[in-house]
Amino acid sequence: DEKYTLQVYQILKGLMDGNIKENKIVNHNRERILSLIEDEITKGHDGRIIFKCNNICDEEIIQKLYDAADAGVNINIIARTVCTIHECPNLSVMSVCGRYLEHDRIYQFGNRVFISSSDIMSRNLDHRIESFVELPGYFAHCLTKDLLEQYINLDSRQNGSIVVWDMKDDSWIKRNIV
């Protein structure tokens, strides 16, 4: 909304007194992500989480993802660079590098899909103003879900312009994509 955008601009430019919290423009992404993971934990084996981001190294969120995997939630992590989460039952980890440098951050919790400017790092979650927006509309929702599933299911039918590594037993194994 226009008022919100102006308020963010004024705060960032130092034109408004007070701090971000007083003006209700505080980054709640950590709490929101933790809550969304918790929602999937309550679904157990019917829960589904997919993260596609550049980096995932925030200990609190990683621990909550391990808790979700222990509860039976099916989790796929697609991380391009820094990744400190390890594969375990119900949780797979892969790295994808394509022809073009990718920076999209897409997070799926059950049937809800979000785009974000934030990776899963404490500096992004705690010290920056970052967006974390739920995609409205059936078309955008389906398109994003299809894109995520395509990454997870990359195989030899895809072209050779994408390199994929899967984490197996704490080691990265290059997937053979012809």
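The values are calculated or read from the model by the stated rules, or taken from the named source; none is laboratory data. Predicted model only: the values in this text are computed from it and were never measured. Cβ sites come from the backbone with ideal geometry, for glycine too, and all protein chains shown count toward neighbours. Please note that ligands, DNA and RNA were not included when accessible areas were found on the heavy atoms of the full protein model with its side chains. Shrake-Rupley method; radii C 1.70, N 1.55, O 1.52, S 1.80 Å.
Within the range 43-59, residues that are farther than 14 Å from I78 by Cα have Cβ atoms under 6 Å from residues that are open to solvent by less than 10 Å² (accessible area, probe 1.4 Å) and part of a strand (DSSP E or B) in these pairs: D58/I120, counting only partners at least 6 apart in sequence or on another chain. Considering the range 74-95 alone, what residues qualify as being open to solvent by less than 10 Å² (accessible area, probe 1.4 Å) and either touching a Lys or Arg at 6+ places or on another chain (Cβ under 7 Å) or not hydrophobic (A, V, I, L, M, F, W, C) (or both)? The one that is open to solvent by less than 10 Å² (accessible area, probe 1.4 Å) and either touching a Lys or Arg at 6+ places or on another chain (Cβ under 7 Å) or not hydrophobic (A, V, I, L, M, F, W, C) (or both): I78. Apart from one condition, E149 fits all of (1) at pLDDT 75 or above; (2) under 24 Å from D58 (Cβ atoms); the exception is (2). Here E40, E60, E130 are screened, and the one residue that is in a loop (DSSP other than H, G, I, E, B) and within 22 Å of H28 (Cα to Cα) is E130.
Conditions tested, residue by residue: (1) at pLDDT 90 or above; (2) under 15 Å from the mean Cα position of the chain (by Cα).
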{"site": "I11", "(1), (2)": "no, no"}
{"site": "N27", "(1), (2)": "no, no"}
{"site": "R32", "(1), (2)": "yes, yes"}
{"site": "L36", "(1), (2)": "yes, yes"}
{"site": "H45", "(1), (2)": "yes, no"}
{"site": "N54", "(1), (2)": "no, yes"}
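Tell me whether the range 25-38 contains one or more residues that are within 17 Å of Y151 (Cα to Cα) and open to solvent by 20 Å² or more (accessible area, probe 1.4 Å). Taking every residue of the range 25-38 in turn, none turns out to be within 17 Å of Y151 (Cα to Cα) and open to solvent by 20 Å² or more (accessible area, probe 1.4 Å). Residue-level check: of (1) at negative phi; (2) modelled with pLDDT of 95 or more; (3) in a loop (DSSP other than H, G, I, E, B), Y100 misses just (2).
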